[in-house]
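Visitor: Right, I'll just put the structure down here and ask away after.
The values are calculated or read from the model by the stated rules, or taken from the named source; none is laboratory data. Bear in mind that the values here come from a model prediction, so they are computed numbers and not experimental data. Every residue, glycine as well, gets a Cβ built from its backbone with ideal geometry; the counts of neighbours run over all protein chains shown.
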Amino acid sequence: MGTRDRFRRSSLALFLGILLGACVFFQGKAAGEARALPEERPVTVWHIPHPDDETLGMAGGILAARAAGRRNVVVLYTQGGSSDVRLVLNGVFFCRIHGRYHDPLAEGYHPLDLEAFKAARVRESREALKLLGVADEDVIVLDFPDGELQMAPVLAVMQELDQRFPGAQHRTTSVTDRHHDHQVLARALYRLKELAATSGRQLDVAFYRVYQYDATSTQDAAAGQSERAAVLKGLDSATRVPVADHERKRAALQEFARWEPAAGRFAIGLHSVPRLFAVAAADPHEYVDVLDERVLGSLRWRWRLGLDLYLRETALSYSIAPRWTLQVSAPYSIDAVRSALVYEQRSLSAAVTLFAGYGMEWSAGGVAPYVLAGVSIVDSVVVKYRPQWSSEDLGSSLQIGWKLRL
Ligand SMILES: [Zn+2]
Ligand SMILES: [Zn+2]
C-alpha cells in the first residue's frame, strides 16, 4: 500500500470519526422527560448564568412580574465557581473592598473550598430573591461549569422548562453582554423561540442587559443620564425600563454586600463586580434588548456543524464565532486535506450569504496556501470558487454543492 493510499484512508477515518462524534454529541442534547403540571398563576422563567445577574439586571423585572400576578421561577445555570473572589477571600489576592489581605482563620472562617464558595454565592442570590418575593422552591440551582456554558445542554434544560411551564414567559441575559455565559443563554433562548415557532407557538422572550451598568458611571446614573451615556457607548438598541420599586431592588442588591463570615455571608457579589453593584444601585432603570438587526444577527448564530457535499469533495464546517467558520475538506481526486478559515456575510435579502476564506492544503507533496470565495443560497446550495495556485486538480476550482446542517 502506497503512502497516498494510507493518506487517503486515514483522512477518511478522521472524517468518519468527527462525524460519529458529532452525532453522539447532538443526540445527547435530547431533552429529558417533563410533565405539564396544573398551575393557576402565569409563570415567568428567569434563566440566569451566575448568582447575582438576576438581581443586578432583572430585579425590577422580577418585581414587575410579581406585581402583575405572575409566579417567578429563577434558574441559576452556574453557581459562579470560577470567580477569583475565592482567592481574595482566602487571602491569596489583595482585597480592594476591605483594603487588606484577608486572613480567614483570624477573621473567624475556614478558607473556602470550591463547594463552600459556590454555596455562599447561591446563598446571596436566594436571600436577595426572597426580598423580591420569589418562593425558595422556585429557585432552581443547576451546576454547569462557570464560564463554559454550551448551547446544547443549556437548550435541553430550556426545552424541559418550556414543557414544564407551558405558555410561560422566558427571560435571560443579553447577547450584547460581554460574557460568554450570558451570550450562550441568550442564543439558546432565541433558539428555543425559533423551535417553538416551527410548531406554531409564539414564545414570549426578553433579554436583559447586566453589563449595561458597566457602560455608565454612578454619577450619570444618579443624574438620570444613563441613556445618554449608553448611546455614547454605542449600546443604543435597548429599551430603558424604569424600576418601579427601586428601594426594594437596592435592598436585594445589599444582600450581595453582607459581610458576616460567621453566618456564611462573604459579600461575594460586591467583591466580584463592585462597579456594577454601585451603578445598578444608583440607576433606577433596567435595559431590555430591542431585537434590531444587529442583536438578531448575534442571536441567530450558534455553535454548529455543517456538512457540505460537492461533486469533488466533502467539507465539514464548524462555526467558531458569529460569521467565522472553520472548514476542513477532503477532495476525492487527490490525496490532500484542506483546512480554511472562512468569513461569511449575509446579503441584504438574507437568502444569499457571501463568504471568503484563506486556507492551507496538506498533501504528500507538501503544504500550499489557497484562497476561496463563494455564495450559499438559502443556506442550502453552495457555489464555491477556488483559484488554483499549485495543486494538481485544475478542474476543481468551481464547485456546486449541497449544505447539510448537523
Ligand atoms: Zn454573569
Ligand atoms: Zn474583602
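Visitor: Looking at 108, 91, 60, which one is farther than 23 Å from residue 183 by Cβ and in contact with a helix residue (DSSP H, G or I) (Cβ under 7 Å, 6 or more places away or on another chain)? Full working, then the answer.
Guide: On the way: 91 fails: in contact with a helix residue (DSSP H, G or I) (Cβ under 7 Å, 6 or more places away or on another chain); 60 fails: farther than 23 Å from residue 183 by Cβ.
Being farther than 23 Å from residue 183 by Cβ and in contact with a helix residue (DSSP H, G or I) (Cβ under 7 Å, 6 or more places away or on another chain) holds for just one of 108, 91, 60, which is 108.
Visitor: Suppose we filter the stretch 256-301 for residues that are more than 30 Å from residue 323 (Cα to Cα), aliphatic (A, V, I, L, M) and surrounded by fewer than 18 Cβ atoms within 10 Å (Cβ to Cβ); how many remain? Step through it out loud before you land on a result.
Guide: Start the filter on the stretch 256-301 by keeping residues that are more than 30 Å from residue 323 (Cα to Cα), which leaves 256-285.
The next check asks that each one be aliphatic (A, V, I, L, M); those that pass are 257, 262-263, 267-268, 270, 273, 276, 278-282.
Add one more test, that the residue is surrounded by fewer than 18 Cβ atoms within 10 Å (Cβ to Cβ), and what stays is 257, 262-263, 278.
The qualifying residues number 4.
Visitor: Out of curiosity, is residue 103 at pLDDT below 95 and within 16 Å of ligand 2 (Cβ to nearest atom)?
Guide: On the way: at pLDDT below 95: no; within 16 Å of ligand 2 (Cβ to nearest atom): yes.
Here the answer is no, as residue 103 does not meet what is asked.
Visitor: Identify, from the list 295, 279, 288, the residue that is assigned to a helix (DSSP H, G or I) and within 18 Å of the chain's Cα centre (by Cα).
Guide: On the way: 279 fails: within 18 Å of the chain's Cα centre (by Cα); 288 fails: assigned to a helix (DSSP H, G or I).
One residue alone meets the criteria, 295.
Visitor: So, of the residues in the stretch 111-144 that are assigned to a loop (DSSP other than H, G, I, E, B) and away from ligand 2 (no atom under 16 Å from the Cβ), which turns out to be farthest from residue 254 (Cα to Cα)?
Guide: Let us first name the residues in the stretch 111-144 that are assigned to a loop (DSSP other than H, G, I, E, B), namely 111-113, 132-135.
This time we only want the ones that are away from ligand 2 (no atom under 16 Å from the Cβ), so: 113, 132-135.
Numbers: 113: 24, 132: 12, 133: 15, 134: 17, 135: 19 Å.
It comes out as 113.
Visitor: Let me ask you something else. With (1) free of Cβ contacts under 8 Å to residues at least 12 places away in the same chain; (2) closer than 30 Å to residue 281 by Cβ as the list, and residue 187 as the residue in question, which single condition is left unmet?
Guide: (1)
Visitor: Next question, about the same structure. So which residues in the stretch 277-313 are out of contact with any Gly (no Cβ under 9 Å at 6 or more places or on another chain) and at pLDDT 85 or above? Before the answer, list the steps.
Guide: Keep residues of the stretch 277-313 that are out of contact with any Gly (no Cβ under 9 Å at 6 or more places or on another chain), which gives 278-279, 281-282, 289-307.
Once the filter is applied, which keeps residues that are out of contact with any Gly (no Cβ under 9 Å at 6 or more places or on another chain) and at pLDDT 85 or above, the stretch 277-313 yields 278, 279, 281, 282, 289, 290, 291, 292, 295, 296, 299, 307.
Residue by residue, here is whether (1) within 16 Å of ligand 1 (Cβ to nearest atom); (2) exposed (fewer than 15 other Cβ atoms within 10 Å of the Cβ); (3) charged (D, E, K, R) holds:
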position	(1), (2), (3)
94	no, yes, no
99	no, yes, no
102	no, no, no
111	no, no, no
117	yes, no, no
121	yes, no, yes
126	no, no, yes
132	no, no, no
136	no, yes, yes
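Visitor: Please verify whether residue 82 is assigned by TED's automatic domain parsing to the domain that holds residue 255, within 16 Å of ligand 1 (Cβ to nearest atom) and modelled with pLDDT under 95, treating the condition exactly as stated.
Guide: On the way: assigned by TED's automatic domain parsing to the domain that holds residue 255: yes; within 16 Å of ligand 1 (Cβ to nearest atom): yes; modelled with pLDDT under 95: yes.
Yes, satisfied.
Visitor: Could you identify the single residue in 163, 202, 183 that is within 28 Å of residue 71 (Cα to Cα), of a type in the set (S, T, N, Q), assigned to a loop (DSSP other than H, G, I, E, B) and modelled with pLDDT of 90 or more? Talk me through it step by step, then tell me what you get.
Guide: Working: 163 fails: assigned to a loop (DSSP other than H, G, I, E, B); 183 fails: assigned to a loop (DSSP other than H, G, I, E, B).
Unique residue meeting the criteria: 202.
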